[in-house]
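These notes concern the structure reproduced below.
The values are calculated or read from the model by the stated rules, or taken from the named source; none is laboratory data. Here the structure is a predicted model, which is why all the values come from computation and not from measurement. Backbone-built Cβ (ideal geometry, glycine too); neighbour counts: all protein chains shown.
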């Protein structure tokens, strides 16, 4: 599956540089365009991995043999979940990517999104270091 067209993250997440100590924008947390691009890329990539697992394994239990793209990284207590559960878990990545595409912070609204965000954040440093987040393509 091809990635969606890259949103204009510089417009969606403008960085405030006023330096004012009382500024509500720059004295608190700011999502930078680069961070948004990395999180968005990883959310899409991990969603695809989840859907690939559903296509390949369906409701088969996760085992140590390997061959999984995503769900073998989930807690062992989830390894017996069915394809419907896994598809919903994969959908959580799409929902977080959609938040970013629409200029919103990817704040989890359910346990599936919380786990998805955890996985995205876990993969972000090595993804940037290995240059597989598409940062060169996002400007």
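The table that follows gives values for the structure above.
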{"read-out": "Cβ-Cβ under 6 Å pairs, at least 6 apart or on other chains, segment 49-64 side at positive phi and without any contact (Cβ under 8 Å) to a residue 40 or more places away in the chain, far side surrounded by 11 or more Cβ atoms within 10 Å (Cβ to Cβ) and part of a helix (DSSP H, G or I)", "value": "58/83"}
{"read-out": "Test: residue in segment 88-99 that is outside any helix (DSSP H, G or I) and either within 13 Å of residue 112 (Cβ to Cβ) or modelled with pLDDT under 95 (or both)", "value": "no"}
{"read-out": "Residue 65, sole failed condition from (1) surrounded by fewer than 18 Cβ atoms within 10 Å (Cβ to Cβ); (2) modelled with pLDDT under 95; (3) under 25 Å from residue 132 (Cα atoms)", "value": "(3)"}
{"read-out": "Meets criteria (at pLDDT 95 or above, over 19 Å from residue 116 (Cα atoms) and part of a loop (DSSP other than H, G, I, E, B)) for residue 27", "value": "no"}
